[in-house]
Amino acid sequence: MIGRLREALAQAVELGGPVVVILLAVSVASAAVVLYKLWQFAASGVGRHGEIARAVAAWDAGDPDRARRELAAARSYLRPVLGLALDGPRDAARLEAEAEAGFARLERGFRFLDTVAQLAPLLGLFGTVLGMISAFQALQDAGAQVDPSVLAGGIWVALLTTAAGLAVAMPTAACLSWLEARIEAERVFAERALRVLLAPRAGAAREAEGHVRPA
């Protein structure tokens with residue numbers, strides 16, 4: 001196994017140079033980060049807010065006992081924040097800061113994926129430029145006896161690095177876009193849930209009834 005890996009790396013260096021090796025290493029790191037984020041999202045309950053949605057609806061309807069039961073059954077990273085909104089000090093700024101801290105934990109690694117998506121094509125282009133320089137140097141050394149196959153082979157190897165860079169950048173960018181969309185949906189859900197818990201409809205109705213004077 002180790003021998004085959006060494007042989008594959010040696011072949012990659014021979015064909016595309018060190019740039020391809022760097023891109024291979026970056027692709028492995030990027031794939032590892034994506035897999036970790038998928039596991040983290042699943043473990044944190046991202047997107048699974050059935051109990052929380054029912055708890056928020058119960059609180060909005062004026063049923064705090066059911067709201068607390070539903071929230072206790074939730075397995076989401078938002079449960080501590082919403083529990084603080086139910087039983088703790090109702091400070092909107094504090095609650096938003098706690099929610100943002102949870103989002104920040106989920107967003108760790110996004111900067112790395114964004115860097116890979118932006119730099120991988122540039123690394124591929126850099127390898128292509130280096131390959132073209134080598135190809136034209138070989139062409140110059142050949143003098144009058146130019147073999148077109150040598151130039152074509154050098155160009156093919158040079159373009160290989162560009163293809164490798166794009167092959168790394170495109171799936172990384174797609175995965176990052178999907179992860180960011182999930183986090184954006186989480187932010188919208190959390191913001192609405194906190195606003196409902198801080199200003200429930202039933203509470204507003206009771207307050208309005210308290211201001212009605214009997215005839």
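The values are calculated or read from the model by the stated rules, or taken from the named source; none is laboratory data. Just so you know, these numbers come straight off a predicted model, no measurement behind them. Don't worry about glycine lacking a Cβ; one is built from the backbone with ideal geometry, like all the others, and counts go over all protein chains shown. To get the accessible areas, we keep the full protein, side chains included, count just its heavy atoms, and leave off ligands, DNA and RNA. Shrake-Rupley method; radii C 1.70, N 1.55, O 1.52, S 1.80 Å.
Key figures for this structure:
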item: Where the range 14-73 is the region considered: accessible area per residue in Å², 1.4 Å probe; result: 52 Å²
item: Protection proxy ranking of 189-197, 41-49 - average other beta-carbon atoms within 10 Å, highest first; result: 189-197, 41-49
item: The range 151-199: proportion of alpha-carbon pairs further apart than 16 angstrom, %; result: 64 percent
item: Sequence of TRP59, TRP156 from largest to smallest accessible area, 1.4 Å probe; result: TRP156, TRP59
item: Anisotropy class of the range 44-109 from Cα gyration tensor, a/c 1.5 cut; result: oblate
item: Gain in span if fully extended, MET170 to TRP39, counting 0.36 nm per residue against the direct Cα distance; result: 45.0 nm
item: Per-residue ³J(HN,Hα) for the range 110-122, Karplus 6.51 cos²θ - 1.76 cosθ + 1.60, θ = phi - 60°, Hz, x for Gly and Pro; result: 5, 4, 5, 4, 5, 5, 4, 4, 8, 8, 4, x, 5
item: Karplus-derived HN-Hα couplings along the range 65-81 (A = 6.51, B = -1.76, C = 1.60, θ = phi - 60°), whole Hz, x at Gly and Pro; result: 5, 5, 4, 5, 5, 5, 5, 5, 7, 6, 10, 10, 5, 7, 4, x, 5
item: Separation of alpha-carbon centers, the range 26-82 and the range 109-126, rounded to whole Å; result: 31 Å
item: Computed FRET value (nearest 0.05) for ALA181 with ALA97, which takes r as the C-beta separation and R₀ as 22 Å; result: 0.40
item: Estimated inter-spin distance, GLN137 and ALA31, nm [label 7 Å along Cα→Cβ]; result: 3.2 nm
item: Cα-projected label distance for ARG4 with LEU130, points at 7 Å along beta-carbon direction, nm; result: 2.8 nm
item: Residue order for TRP178, TRP39 - accessible surface, 1.4 angstrom probe, largest first; result: TRP39, TRP178
